[in-house]
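Trainee: Got a structure here, written out as structure tokens. Questions coming.
The values are calculated or read from the model by the stated rules, or taken from the named source; none is laboratory data. In this text the structure is predicted, and so the values were computed from the model without any measurement. Cβ placement follows ideal geometry from the backbone for every residue including glycine, while neighbour counts extend to all protein chains displayed. Please note that ligands, DNA and RNA were not included when accessible areas were found on the heavy atoms of the full protein model with its side chains. Shrake-Rupley method; radii C 1.70, N 1.55, O 1.52, S 1.80 Å.
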Amino acid sequence: MPAPQPAHYLRRLGIWDAAMIVIGGVIGAGIFRTPASVAKSTSSGTEVLILWTLGGLLTLAGVLCYAELGARRPQAGGTYVYLREAFGQLPAFLFGWTMALINYPGSVAAVATTFADYATKAVGLPHEWVKPLAVAAIAFIVAVNLFGIRAGAVVQNIFTVLKLSAVALLIAVGLYLARGHLGAAFAHDPTHDVPVSTLVGALLPALFAYGGFHYLNDLAGEVREPQRTLPRALGLGMGSVVICYILVNVAYMAGLGHDGLAASTAPAADLMRKLFGESGATIIAVGIACSTFGYCSIAIAGGARVLQVMSADGMFFKPIARIDAKTGAPQISLIVLGAWAITLILSGSFDALLNYTTVGEWLSHAFGIATIFWYRRKLTSEPSPYLVPGYPWLPLVFTTTVLCVIAATAIAAPGDAGMSLLIIAIGVPVYYLWRRQWAKG
């Protein structure tokens, strides 16, 4: 009898599902809070919109690069796979070490806690319910994804539509409140000029709010007709996010004004409160809860695939490499990632982990995009079904910008940046120890 074939991922995601993953992976809690940080470092609403537009265009450049990478290597693992092929196993391991084992579960823990915080406020539960509800949310997401990517996509699509509804509500409320005086929000304040360096610094929170577009590449092994679907879904999804973010900022300006936005600690709630009172703040709390829940679903699914591919390469425990033959889901990897995220919630250590891995995350974007140059030079006989336009300038602009973001982050928070680099460096001896142990086994 022929030997049974090993289980593999099943291509069940269409362009709608893939675009929803891009939108859901980017829109979390950031757009409901971050615009206030940008406004504080500007002197007018016009500058705010310029920064958000510039951030969106830079991110679209990165998305186009990821579209080529995904079309070249339409398999699970995303950036891990590109780094492994272009630069070798060690850089790939350091990416997985930093992201799949620390950043992904840390971000899931942080955002699940944000979900629980808003959910408890929306329904009037005491603060003591936040941790149990966050744990329950992660357990539910893992349980759904155990049945395969199709089940996870259904849940994800529902919550992405709900978060887009919350964004649309914010836009409608802001424009209604403007009622003919929208121009005043964008007038320049000559008494509050800011230097160019401050404006560049204000771009950082906008870029962070645009992050998360790479999750679809982590799930590329489950996308139907990936060479055709991935570029279209990445462009459609990210283009929709940029439009939403710009319109939301117009709404904030219209409803709160530039100074009101800069002074706000919760601009989405403040905007809704102006029209609907406290019930408006409750409504948007529900919207933010839906948005953050949807993000957790994507991060768990994407992170589990990276962990599974690492394990299949012998870079983590072998059982985690298993893919269930019936569902096509990396069930053990999902359980491990979910359990680790829950552990971080219960320990309360996820905030520090996220701060410590920010530099590592952006380094992975820079080096991930840089693999395009390797593919173009080394694989001339293997044409890609999609090529990033404006090569080599678009990849160069994105990579240079990301490196500038890293430098600015290191200057602003040298302690966190140092810890991030230390975590990456610790991965080097771990890699060689693991290789030695694997060779013995």
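Trainee: State whether one or more residues within the range 132-142 are under 19 Å from the mean Cα position of the chain (by Cα) and either within 19 Å of His214 (Cα to Cα) or among the basic types (Lys, Arg) (or both).
Mentor: no
Trainee: Pull out all pairs, ordered by first then second residue, where Cβ-Cβ is under 9 Å, the residues are six or more apart or on different chains, the first lies in the range 353-372 and is more than 13 Å from Thr400 (Cα to Cα), and the second is surrounded by 20 or more Cβ atoms within 10 Å (Cβ to Cβ) and of a type in the set (Lys, Arg).
Mentor: Qualifying pairs under 9 Å: Ile372/Arg72.
Trainee: Cβ-Cβ distance below 7 Å, separation of 6 or more or different chains: which pairs start in the range 199-223 with a residue that is at positive phi and end on one that is surrounded by 24 or more Cβ atoms within 10 Å (Cβ to Cβ) and part of a helix (DSSP H, G or I)?
Mentor: Listed by first residue and then by second, the contacts come to Gly212/Gly25; Gly212/Val26.
Trainee: I'm checking my understanding of the structure. Among residues of the range 38-58 that are open to solvent by 10 Å² or more (accessible area, probe 1.4 Å) and aliphatic (A, V, I, L, M), which one is farthest from Phe398 (Cα to Cα)?
Mentor: The qualifying residue farthest from Phe398 (Cα to Cα) is Leu49.
Trainee: What number of residues in the range 240-254 are in contact with a helix residue (DSSP H, G or I) (Cβ under 8 Å, 6 or more places away or on another chain) and open to solvent by 20 Å² or more (accessible area, probe 1.4 Å)?
Mentor: The total comes to 5.
Trainee: If I go through the range 255-283 residue by residue, how many of them are out of contact with any helix residue (DSSP H, G or I) (no Cβ under 9 Å at 6 or more places or on another chain) and either in a helix (DSSP H, G or I) or crowded, with 22+ Cβ neighbours inside 10 Å (or both)?
Mentor: Of the residues in the range 255-283, 1 are out of contact with any helix residue (DSSP H, G or I) (no Cβ under 9 Å at 6 or more places or on another chain) and either in a helix (DSSP H, G or I) or crowded, with 22+ Cβ neighbours inside 10 Å (or both).
Trainee: So how many residues does the range 323-350 have that are surrounded by fewer than 17 Cβ atoms within 10 Å (Cβ to Cβ) and assigned to a loop (DSSP other than H, G, I, E, B)?
Mentor: 5
Trainee: Sort through Ala289, Ala329, Ala262, Ala269 and tell me the only one that's over 18 Å from the mean Cα position of the chain (by Cα), small (Gly, Ala, Ser) and closer than 20 Å to Thr114 by Cα.
Mentor: Just one listed residue meets the conditions, Ala269.
Trainee: Could you identify the single residue in Ile284, Ile298 that is farther than 16 Å from Pro105 by Cα and modelled with pLDDT of 90 or more?
Mentor: Ile284
Trainee: Are any of the residues in the range 284-298 in a helix (DSSP H, G or I) and more than 20 Å from Val155 (Cβ to Cβ)?
Mentor: Yes, the range 284-298 contains a residue that is in a helix (DSSP H, G or I) and more than 20 Å from Val155 (Cβ to Cβ).
Trainee: Going by the conditions given, is Ala29 of a type in the set (Gly, Ala, Ser) and open to solvent by 10 Å² or more (accessible area, probe 1.4 Å)?
Mentor: Details: of a type in the set (Gly, Ala, Ser): yes; open to solvent by 10 Å² or more (accessible area, probe 1.4 Å): yes.
It is true that Ala29 is of a type in the set (Gly, Ala, Ser) and open to solvent by 10 Å² or more (accessible area, probe 1.4 Å).
Trainee: Ok, one more. Could you give every pair whose Cβ atoms fall below 7 Å, whose first residue belongs to the range 325-348 and is within 18 Å of Arg150 (Cα to Cα), and whose second residue is assigned to a loop (DSSP other than H, G, I, E, B) and open to solvent by less than 10 Å² (accessible area, probe 1.4 Å), counting only separations of at least 6 or pairs across chains?
Mentor: Hits for this filter: Thr327/Gly148; Gly328/Gly148; Ala329/Gly148.
Trainee: Looking only at the range 202-220, which residues are more than 15 Å from the chain's Cα centre (by Cα) and open to solvent by less than 10 Å² (accessible area, probe 1.4 Å)?
Mentor: Of everything in the range 202-220, those that are more than 15 Å from the chain's Cα centre (by Cα) and open to solvent by less than 10 Å² (accessible area, probe 1.4 Å) turn out to be Ala202, Ala220.
Trainee: Looking at Tyr386, Tyr431, which is the one that is touching a residue at least 12 places away in the same chain (Cβ under 8 Å), among the hydroxyl-bearing types (Ser, Thr, Tyr), within 21 Å of Thr79 (Cβ to Cβ) and assigned to a loop (DSSP other than H, G, I, E, B)?
Mentor: Result: Tyr386 is the single residue among Tyr386, Tyr431 that is touching a residue at least 12 places away in the same chain (Cβ under 8 Å), among the hydroxyl-bearing types (Ser, Thr, Tyr), within 21 Å of Thr79 (Cβ to Cβ) and assigned to a loop (DSSP other than H, G, I, E, B).
Trainee: Another one. If I ask for residues that are open to solvent by less than 70 Å² (accessible area, probe 1.4 Å), assigned to a helix (DSSP H, G or I) and without any contact (Cβ under 8 Å) to a residue 60 or more places away in the chain, which ones from the range 117-131 would you list?
Mentor: Correct list: Asp117, Thr120, Val130.
Residues are listed down the side, and each one gets a yes or a no for (1) open to solvent by 40 Å² or more (accessible area, probe 1.4 Å); (2) among the β-branched types (Val, Ile, Thr); (3) touching a residue at least 12 places away in the same chain (Cβ under 8 Å):
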residue	(1), (2), (3)
Thr380	yes, yes, no
Thr400	yes, yes, no
Ala407	yes, no, no
Ala417	no, no, yes
Gly427	no, no, yes
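Trainee: Can you name the residue in the range 137-158 that is open to solvent by 50 Å² or more (accessible area, probe 1.4 Å) and either closer than 18 Å to Ser291 by Cβ or not in a helix (DSSP H, G or I) (or both) and is also modelled with the highest pLDDT among such residues?
Mentor: Phe140
Trainee: Any chance the range 77-87 includes a residue that's free of Cβ contacts under 8 Å to residues at least 40 places away in the same chain and open to solvent by 10 Å² or more (accessible area, probe 1.4 Å)?
Mentor: Among the residues of the range 77-87, not one is free of Cβ contacts under 8 Å to residues at least 40 places away in the same chain and open to solvent by 10 Å² or more (accessible area, probe 1.4 Å), which makes the answer no.
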